[in-house]
Amino acid sequence: MSTATANGGTDLYSYRCESCGGSAIWRPAKQQVACRSCDTVVPLPPADQTRATSFFLVPYLRDSPENRRNRVPLRVERPCPTCSHMVVFESGLEGTTCPACLTPLLRPPIDGDMPIRPTGVVPFRVDQVDAHERLRAWWRERRGSDRRTRHLQPAPLVARYLPVWQFSVRVHCPWRHTSTDSDGKETVTSGEIRGDYGEREPGNHSLPAELLQSVAFPFEAAIAYDRRYLAGAIVEQYDGDIFRAWDAARWRLDDLVQRLVRKDAGVFGDVEETWPSWTQEKGWLILAPFYTTEVTLDGGHHQIVIDGYGGQIASTVPPHVPRGVWLVLLAMLAGFVWFIWWLVAG
């Protein structure tokens, strides 16, 4: 890996090929960093394949001056180490590409960055060629019956790492419930649930949360953070703060616990008495791989997301319903209305 000193003594990170001197990126097909020009593998020390590390949430949820500090993501400009063109890292970005020579660049942390650094990364396993093929097949299935849009080409795919919060908590919840049968006899039942439960929350708002939630997150594939996996991708930081992310995740976890208690008690309504205790609250900040693109369809702007690890696709693009299906549905509706009128009139 070569680094070049930019203005202010700050280094930008880039990988260079020892054969031709070209820039190198992470190659999902090889699972190695390789040259963009000659595809020569860049020799690097073996990567740490251990699981992503967690952190305890309590220190970050305390009402302390450091946790209350307002941080504003900064726009950073640094000269490219290859061509000296001024490269702009927009606010919230740590990885981008030089617009002049296309060298993939990563910047180090700065004072305005959020306090929690990524604790793990899910490396890209699906390359761009495979992602394009998956997208074409998906588009034919979704819009192939529409002659107007069957050959519509979405914008080019962009490889991005998006931050994702993963939370875990250990729950112990004893419960007691009193039920009354038809004869007025009361029965008291009790029990408890125990287990480790997890929730995830998007780390920023660059894509709709519901779109990301519809894609399976391969948390089990998250390994120790390493810059090599980020080479060639747009790398985004989390925004906001961990408080809001944890509140949203905790609300869903609390709802999950209540549903488990009702299932354990065999009741449909609320269980009368519960005593939940939460311990071992832990968090992970994982960089998750996605290919993103967009398309304009029927005057609307739609986004498409491809999971860079498993290849799953999610989108706001609606499926095409053939005109014949609409005609059949309208005919059925007209027949139903006529039948109701005939019953009333008769």
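The values are calculated or read from the model by the stated rules, or taken from the named source; none is laboratory data. Owing to the predicted nature of the structure, the values given are computational and were not obtained by experimental measurement. With ideal geometry, Cβ positions are generated from the backbone for all residues, glycine too; neighbour counts draw on all protein chains shown.
A compact table of results
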quantity	calculated
Yes/no for Val171 being closer than 26 Å to Val33 by Cβ and either assigned by TED's automatic domain parsing to the domain that holds Gly198 or in contact with a Leu (Cβ under 7 Å, 6 or more places away or on another chain) (or both)	no
Test: residue in the stretch 164-179 that is of a type in the set (S, T, N, Q), buried (at least 18 other Cβ atoms within 10 Å of the Cβ) and not in a loop (DSSP other than H, G, I, E, B)	yes
Ala24 being among the small types (Gly, Ala, Ser) and modelled with pLDDT of 85 or more	yes
Test: residue in the stretch 201-214 that is of a type outside the set (Asp, Glu) and in contact with a Lys or Arg (Cβ under 6 Å, 6 or more places away or on another chain)	no
Selection count where residues are under 20 Å from the mean Cα position of the chain (by Cα), farther than 30 Å from Pro156 by Cα and touching a residue at least 60 places away in the same chain (Cβ under 8 Å), scope the stretch 251-301	4
Ser206 being of a type in the set (S, T, N, Q), touching a Leu at 6+ places or on another chain (Cβ under 8 Å) and in a loop (DSSP other than H, G, I, E, B)	yes
Residue satisfying all of: in the stretch 266-310; in contact with a Phe, Trp or Tyr (Cβ under 6 Å, 6 or more places away or on another chain) and farther than 29 Å from Arg125 by Cβ; modelled with the highest pLDDT among these	Thr274
Output for the stretch 184-199, where each listed residue is in a strand (DSSP E or B) and of a type outside the set (Gly, Ala, Ser)	Glu186, Thr187, Val188, Thr189, Glu192, Ile193, Arg194, Asp196, Tyr197, Glu199
Residue among Glu210, Glu186 that alone is modelled with pLDDT under 90, loosely packed, with under 13 Cβ neighbours inside 10 Å, under 17 Å from the mean Cα position of the chain (by Cα) and in the same structural domain as Gly308 (by TED's automatic domain parsing)	Glu210
Matching residues in the stretch 41-54 - criterion: being hydrophobic (A, V, I, L, M, F, W, C) and either out of contact with any Lys or Arg (no Cβ under 7 Å at 6 or more places or on another chain) or exposed (fewer than 15 other Cβ atoms within 10 Å of the Cβ) (or both)	Val42, Leu44, Ala52
Tally of residues being touching a Leu at 6+ places or on another chain (Cβ under 9 Å) and in a loop (DSSP other than H, G, I, E, B) across the stretch 93-102	1
Criterion: modelled with pLDDT of 90 or more and of a type in the set (A, V, I, L, M) - qualifying residue of Ala34, Ala47, Ala6	Ala34
Count of residues meeting criterion [in contact (Cβ under 8 Å) with a residue 40 or more places away in the chain and in a loop (DSSP other than H, G, I, E, B)] in the stretch 9-41	5
